1. Does the range 71-113 hold any residues that are modelled with pLDDT under 90 and either among the acidic types (D, E) or at positive phi (or both), and which are they?
2. Looking at the range 13-49 only, could you name the residues that are assigned to a strand (DSSP E or B), at pLDDT 85 or above and over 11 Å from the mean Cα position of the chain (by Cα)?
Amino acid sequence: IGMIEAEQSAPEHKKIEVEFWMCKTENKADKICEALRLVEKEFLYLELERIEIRLDSDNHKARKLAEVCGYKAEGILRHAYWSQQFYKYRDLVILAKLKQEEKIKQKQPISLPRKSRLSVNGSNLFI
């Protein structure tokens with residue numbers, strides 16, 4: 001169906017960056033939202049302040065999905081990366097969810113859906 005990856009590049013900032021993708025043949029937005037919630041529970045348990053998603057500004061489906069999952073658009077990084085596919089610089093949209101905005105504030109164990117794998121060390125969730 002797809003994959004979610006979380007990376008924490010600077011632990012002192014208490015934030016993670018999340019990337020996700022879905023197979024083009026799948027239309028399982030609810031599964032991606034469910035997987036994002038699992039990542040949120042796990043990382044908010046670790047007392048992080050912020051979960052951030054960066055998306056290509058033309059990826060409207062992924063942006064809508066992130067917004068449906070409760071992420072708020074914060075801004076655009078213009079010419080943030082070079083696209084080998086389009087042979088030009090592309091813009092990124094930053095969306096984020098803050099710990100204070102999240103309803104999950106209790107330290108709860110997570111439960112994975114069937115046929116899912118969560119690797120906290122590698123920070124990958126395959127669904």
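The values are calculated or read from the model by the stated rules, or taken from the named source; none is laboratory data. As the structure is a computational prediction, the values presented were derived from the model and not from experiment.
1. E101, E102
2. K15
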